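Take a look at this one; I'll ask things after.
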Amino acid sequence: MAVAATTAPQQAYAAGLGDWLDRHSGRIMVLPAALIILAFAIFPLVISAYLSVSRFALAPGGFTLKFVGLANFKKLLIGSQQYHLLGTFGGFGAIEWTVLGLTIVGLGFWLAGYVRSPELWLPGLIGRLVSTALAIAVVLLLLAAIVAGGVPGSLVTTFIYVVAGVSVQFALGLGLALLCAQPIRARSWFRVIFFIPLMVTPVGIAYTFRMLADMEKGPLAPLRFALDLGEFAWATDPWSARLVVMIGDTWQWTPFMFIVLLAAIEARPHEQVEAARIDGAGPSQIFRHVTWPAVAPVAATVVLIRLIEAFKIIDLPNVLTNGGPGLATESMTLHAFIAWRTQDLGSSAAVGYILLFISTVTCISFFNFGVHRARRYQS
Amino acid sequence: MSTAVPPPLWQSLFESRRLGEPAPAAKVAVYAALFFWTAVVLLPLYWVFVTSFKLPVDVDSGPYYLPFIDYRPSLHAWRYIFVDLGRDTLRPYVNSIVVSLAATTLAVVIGALAAYALVRIRFQVKLAAVAAFLLLLVAVVIAVAYFGVYWPVAAASGAALFVLFLSTLSRRFKRAASNTDIEFWIISNRILPPVVAVLPIYIMFQRLHLLDTQIALIATYTAVNLPIVVWLMRDFFAGIPIEIEESAQVDGCSRFRIYVSIVLPLARSGLAATFMLVMILAWNEYLLALFLSTANAQTMPILVAAQHGTRGPQWWYMSVLIVIMIAPVVALAIALQKQIARGILLGAIKG
């Protein structure tokens with residue numbers, strides 16, 4: 001390093017394009033990436049914010065944009081389009097009030113604990129308040145639109161996909177990874193097979209599952225006769241339609257969880273597993289005290305990555321069910337696309353922004369309260 | 001381990017023979033579960049494959065599972081897609097190949113450069129400069145939208161003001177973003193749902209008369225996949241011992257020379273893994289293509305999705321399209337499973 005320090009100034013004074021390039025190499029290397037992201041992420045975000053507060057109309061020779069303030073958001077959250085985004089709500093009974101009350105009390109305790117702890121920090125408090133507010137709002141929505149007998153809108157449906165889909169995929173992926181980590185034959189073969197669905201186009205998966213779910217002519221038709229299900233059309237019932245979408249999603253994304261968790265399980269400290277076995281620990285004890293602590297940080301990270309991607313779901317519902325029956329399978333991205341197709345650009349951008357807000361808050365909350373904790377748990 | 005009297009059979013089924021190996025009964029259960037999931041994975045693919053060889057009548061008259069036994073396979077759907085529709089199939093296929101290859105190459109080249117710089121060179125970006133840039137951007141957008149300023153004028157004056165700010169006022173501010181902040185900023189773009197960004201991108205390409213061209217798709221796909229490349233390559237580069245680069249620097253190599261002739265060859269496997277992963281993401285992309293392409297630049301996912309025509313679903317044709325679309329990717333996945341999985345693993349484990 002001492003040599004480098006003495007030669008560097010001499011080089012810097014040598015004239016020429018090459019040296020100028022070398023001195024600014026860092027900036028030149030990052031600049032293209034930064035410019036592309038500015039042009040395709042930051043600039044669109046600003047324009048989208050602007051679109052979300054305007055009304056778009058076609059006019060002779062182009063279009064006009066009229067500033068309407070927060071009217072688009074108002075329409076979606078409390079106005080005429082509320083049924084589309086949030087759903088229609090049922091009346092609250094005893095169960096709903098109890099669950100809501102318990103949620104609020106639980107989150108209140110958690111907040112109070114933070115306020116009294118020595119870690120108290122203003123941005124931390126604000127972040128926790130935002131997370132809490134979103135959590136309460138989501139619980140309220142799920143209760144009103146599902147438990148109380150309402151009809152879920154696209155936001156609620158998206159949450160169902162994200163929460164149910166990611167948990168099932170995680171459970172299946174972890175189970176398969178634990179099985180594949182056993183000393184058995186043909187492990188690498190299973191690994192290759194299980195990996196395939198991750199690579200398949202979601203659009204292709206959607207049509208494939210439409211064929212498979214055809215209870216008249218599909219491969220599962222004999223099963224229907226065997227179980228004596230009678231006439232059954234999954235596409236006309238909201239919950240079975242959502243289930244088929246989630247099955248397709250699970251088929252595709254379980255491999256992702258599987259591959260990563262398997263690697264984490266195989267990387268766990270081998271001596272500890274051996275030692276636990278010699279001491280007579282059963283499989284469940286080994287899992288709880290050796291495997292899980294080693295796997296937890298990775299598990300939290302894969303769930304985070306999946307959460308980020310799961311909020312963007314569109315291909316499967318659009319192709320499988322076209323969002324139907326009614327709005328039953330419509331995700332928020334599909335909602336924004338449909339709004340765009342009907343030239344309601346303001347609503348489309350507003351839905352996009354609401355999705356951005358929700359997914360960002362959820363993912364950051366999960367990062368702070370899930371991933372961080374899991375990493376600390378390991379050390 | 002040697003016992004004189006072998007235990008009764010029913011008992012030995014539930015006891016493992018060697019330490020760390022599952023008991024025979026457990027082993028059977030493990031295999032059963034694994035074979036069940038194998039069936040779950042393969043059945044949909046198998047069904048698409050056999051459906052592509054069925055005549056409409058074979059599809060309509062109930063489920064037939066085995067070609068040559070249940071029904072006579074026919075190539076009619078393949079002939080229709082490749083001969084009758086020839087060019088209409090070929091165009092999206094070529095589009096898909098061109099777009100995904102070009103976008104992946106661009107994203108990997110640009111992203112790897114940025115990732116390397118972020119790993120090895122210290123950056124200090126003044127927060128005040130970032131804030132000024134964003135404020136000016138908003139001001140330009142408002143000026144163009146509400147006050148009807150001609151957009152090149154507005155953009156130029158915005159840029160001029162920004163340069164003025166950089167050379168004068170920005171010296172007064174101290175707080176700067178470090179490398180990890182820049183990395184986080186780039187990677188966090190992955191959280192951005194594409195549907196938020198796609199409307200302005202659509203309008204942008206419409207203004208540039210580039211809608212429904214390969215260029216629009218290539219540029220957009222490059223941008224969307226850039227964060228992944230930076231994220232993955234950062235870890236590959238960080239794993240390269242810095243001593244080699246330092247000694248090259250002592251010998252008078254420039255940064256670019258070091259990057260091209262020392263770092264890139266060492267990160268070859270990482271580059272390959274990243275390339276494969278991004279390529280598959282670009283190949284399968286649906287939403288952006290749905291907005292940005294209609295006919296000429298249509299990619300395979302859009303063609304497949306558009307098959308649900310007025311005559312009801314024609315599963316035989318659709319199956320052919322799905323087969324030709326997923327066959328290369330599945331072949332790639334089987335052949336290069338280890339390499340692709342490495343890309344995924346690195347992103348997920350290092351986080």
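Suppose we filter B:ASN189, B:ASN225 for residues that are modelled with pLDDT of 90 or more and within 12 Å of another protein chain (Cβ to nearest Cβ); which single one remains?
The match here is B:ASN225.
Please report, ordered by residue number, the helices (runs of 4 or more DSSP H) entirely within segment A:305-379 with at least 3 residues that are under 16 Å from the mean Cα position of the chain (by Cα), surrounded by fewer than 19 Cβ atoms within 10 Å (Cβ to Cβ) and more than 8 Å from chain B (Cβ to nearest Cβ).
Where helices (runs of 4 or more DSSP H) fall fully within segment A:305-379 and carry at least 3 residues being under 16 Å from the mean Cα position of the chain (by Cα), surrounded by fewer than 19 Cβ atoms within 10 Å (Cβ to Cβ) and more than 8 Å from chain B (Cβ to nearest Cβ), they are A:345-366.
Quick check on B:GLN206: is it within 8 Å of chain A (Cβ to nearest Cβ), over 23 Å from A:ILE308 (Cβ atoms) and either touching a Lys or Arg at 6+ places or on another chain (Cβ under 8 Å) or outside any loop (DSSP other than H, G, I, E, B) (or both)?
No: the conditions fail for B:GLN206.
Now a separate question. Kindly list the number of the only condition in (1) within 24 Å of A:MET332 (Cβ to Cβ); (2) buried (at least 20 other Cβ atoms within 10 Å of the Cβ); (3) touching a residue at least 40 places away in the same chain (Cβ under 8 Å) that fails for B:ALA216.
(1)
What pairs can you find where one residue is in segment B:39-64 and at the interface with another protein chain (Cβ under 10 Å from one of its Cβ atoms), the other is of a type in the set (Phe, Trp, Tyr) and not in a helix (DSSP H, G or I), and their Cβ atoms are less than 6 Å apart, with a gap of 6+ or different chains?
Once the first residue is at the interface with another protein chain (Cβ under 10 Å from one of its Cβ atoms) and sits in segment B:39-64, its partners that are of a type in the set (Phe, Trp, Tyr) and not in a helix (DSSP H, G or I) give B:ASP58/B:TYR64; B:ASP58/B:TYR71; B:TYR64/B:TYR71.
Yes/no matrix, rows are residues, columns are (1) more than 30 Å from B:PRO313 (Cα to Cα); (2) at pLDDT 85 or above:
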position	(1), (2)
A:GLY282	yes, no
A:ARG288	yes, yes
A:THR291	yes, yes
A:ARG306	yes, yes
A:ALA310	no, yes
A:PHE357	yes, yes
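Here's something else I'd like to know. Does B:VAL304 satisfy being within 21 Å of A:MET211 (Cβ to Cβ), facing chain A (nearest Cβ under 8 Å) and assigned to a helix (DSSP H, G or I)?
yes
Name the single residue, out of those in segment A:248-275 being over 20 Å from B:ARG342 (Cα atoms) and among the β-branched types (Val, Ile, Thr), that is modelled with the highest pLDDT.
A:THR250
When you go through (1) under 29 Å from A:ASP19 (Cα atoms); (2) away from chain A (no Cβ under 13 Å) one by one for B:PHE256, which number turns out not to apply?
Every listed condition holds for B:PHE256 apart from (2).
Among the residues of segment B:319-340, are any closer than 30 Å to A:ARG375 by Cα, free of Cβ contacts under 8 Å to residues at least 24 places away in the same chain and either within 11 Å of chain A (Cβ to nearest Cβ) or not acidic (Asp, Glu) (or both)?
The answer is yes; a qualifying residue exists.
Failed condition for A:THR250, given (1) in contact with a Phe, Trp or Tyr (Cβ under 8 Å, 6 or more places away or on another chain); (2) more than 7 Å from every other protein chain (Cβ to nearest Cβ); (3) surrounded by 17 or more Cβ atoms within 10 Å (Cβ to Cβ), with all others met?
Just one mismatch for A:THR250, condition (1).
Mind listing whichever residues of segment B:128-155 are more than 19 Å from B:LEU208 (Cβ to Cβ) and within 9 Å of chain A (Cβ to nearest Cβ)?
B:PHE133, B:LEU134, B:VAL138, B:ILE142, B:TYR146
Quick check on B:THR104: is it over 30 Å from B:GLY343 (Cα atoms), among the hydroxyl-bearing types (Ser, Thr, Tyr) and touching a residue at least 60 places away in the same chain (Cβ under 8 Å)? Give the steps one after another, and end with the answer.
Working: over 30 Å from B:GLY343 (Cα atoms): no; among the hydroxyl-bearing types (Ser, Thr, Tyr): yes; touching a residue at least 60 places away in the same chain (Cβ under 8 Å): yes.
No: the conditions fail for B:THR104.
Please go through segment A:274-298 and give me each residue that is at the interface with chain B (Cβ under 10 Å from one of its Cβ atoms) and surrounded by fewer than 16 Cβ atoms within 10 Å (Cβ to Cβ), ordered by number.
Correct list: A:GLU274, A:ILE278, A:PRO283.
Restricting to segment B:200-213, count the residues that are closer than 20 Å to A:VAL351 by Cα and touching a residue at least 60 places away in the same chain (Cβ under 8 Å).
Matching residues across segment B:200-213 total 2.
Given the conditions (1) outside any helix (DSSP H, G or I); (2) within 31 Å of the chain's Cα centre (by Cα), which single one is not true for B:VAL149?
All conditions pass for B:VAL149, except number (2).
Which members of segment A:40-66 meet the condition of being surrounded by fewer than 12 Cβ atoms within 10 Å (Cβ to Cβ) and not β-branched (Val, Ile, Thr)?
Across segment A:40-66, the qualifying residues are A:LEU58, A:ALA59, A:PRO60, A:GLY61, A:GLY62, A:LYS66.
Under 6 Å by Cβ, and 6 or more places apart or on different chains, what pairs join a residue from segment A:188-206 that is under 15 Å from B:LEU287 (Cβ atoms) with one that is not in a helix (DSSP H, G or I)?
Taking only residues 6 or more apart or on different chains, the pairs are A:VAL203/B:TYR286.
Residues being charged (D, E, K, R) and either surrounded by 13 or more Cβ atoms within 10 Å (Cβ to Cβ) or touching a residue at least 40 places away in the same chain (Cβ under 8 Å) (or both): count how many of those fall in segment A:253-273.
Pass one, segment A:253-273, residues charged (D, E, K, R): A:266, A:268, A:271.
From what is left, the residues that are either surrounded by 13 or more Cβ atoms within 10 Å (Cβ to Cβ) or touching a residue at least 40 places away in the same chain (Cβ under 8 Å) (or both) are A:266, A:268.
Selection size over segment A:253-273: 2.
Sticking with this structure for a sec: Show the residue pairs that are 6+ apart or on different chains and have beta-carbon atoms under 6 Å apart, the first residue being within segment B:136-151 and under 20 Å from A:VAL68 (Cα atoms), the second being assigned to a helix (DSSP H, G or I) and at pLDDT below 80.
Here the result reads B:VAL144/B:TRP151, each pair linking segment B:136-151 to a residue that is assigned to a helix (DSSP H, G or I) and at pLDDT below 80.
Inspect all residues belonging to segment B:81-93 and state whether any of them is among the polar types (S, T, N, Q) and surrounded by fewer than 19 Cβ atoms within 10 Å (Cβ to Cβ).
No, there is no match, as no residue in segment B:81-93 is among the polar types (S, T, N, Q) and surrounded by fewer than 19 Cβ atoms within 10 Å (Cβ to Cβ).
Same structure again: Is one or more of the residues making up segment B:260-281 closer than 25 Å to A:TRP340 by Cβ, within 12 Å of chain A (Cβ to nearest Cβ) and not basic (Lys, Arg)?
Within segment B:260-281, one or more residues are closer than 25 Å to A:TRP340 by Cβ, within 12 Å of chain A (Cβ to nearest Cβ) and not basic (Lys, Arg).
I'd like to know if segment A:159-168 contains one or more residues that are in contact with a helix residue (DSSP H, G or I) (Cβ under 7 Å, 6 or more places away or on another chain), of a type in the set (A, V, I, L, M) and closer than 20 Å to A:ASN368 by Cα.
Looking for residues that are in contact with a helix residue (DSSP H, G or I) (Cβ under 7 Å, 6 or more places away or on another chain), of a type in the set (A, V, I, L, M) and closer than 20 Å to A:ASN368 by Cα, one finds at least one in segment A:159-168, hence yes.
Out of A:GLY106, A:GLY150, A:GLY113, A:GLY79, report the one residue that is of a type outside the set (D, E, K, R) and in contact with a strand residue (DSSP E or B) (Cβ under 9 Å, 6 or more places away or on another chain).
The conditions single out A:GLY150.
When you check A:ALA164 against the structure, is it within 16 Å of the chain's Cα centre (by Cα), more than 12 Å from chain B (Cβ to nearest Cβ), more than 19 Å from A:ALA264 (Cβ to Cβ) and in contact (Cβ under 8 Å) with a residue 40 or more places away in the chain, yes or no? Steps first, answer last, please.
On the way: within 16 Å of the chain's Cα centre (by Cα): yes; more than 12 Å from chain B (Cβ to nearest Cβ): yes; more than 19 Å from A:ALA264 (Cβ to Cβ): yes; in contact (Cβ under 8 Å) with a residue 40 or more places away in the chain: yes.
It is true that A:ALA164 is within 16 Å of the chain's Cα centre (by Cα), more than 12 Å from chain B (Cβ to nearest Cβ), more than 19 Å from A:ALA264 (Cβ to Cβ) and in contact (Cβ under 8 Å) with a residue 40 or more places away in the chain.
Just to be sure, is B:VAL30 touching a strand residue (DSSP E or B) at 6+ places or on another chain (Cβ under 9 Å) and under 29 Å from A:ALA186 (Cα atoms)?
no
What about A:GLY127, is it in contact (Cβ under 8 Å) with a residue 40 or more places away in the chain, in contact with a Phe, Trp or Tyr (Cβ under 6 Å, 6 or more places away or on another chain), over 24 Å from A:PHE256 (Cβ atoms) and away from chain B (no Cβ under 14 Å)?
When the stated conditions are applied, A:GLY127 does not pass them.
The values are calculated or read from the model by the stated rules, or taken from the named source; none is laboratory data. On a predicted model such as this, the values are computed, not experimentally measured, just so you know. Cβ atoms come from the backbone with ideal geometry, glycine included; neighbour counts cover every protein chain shown.
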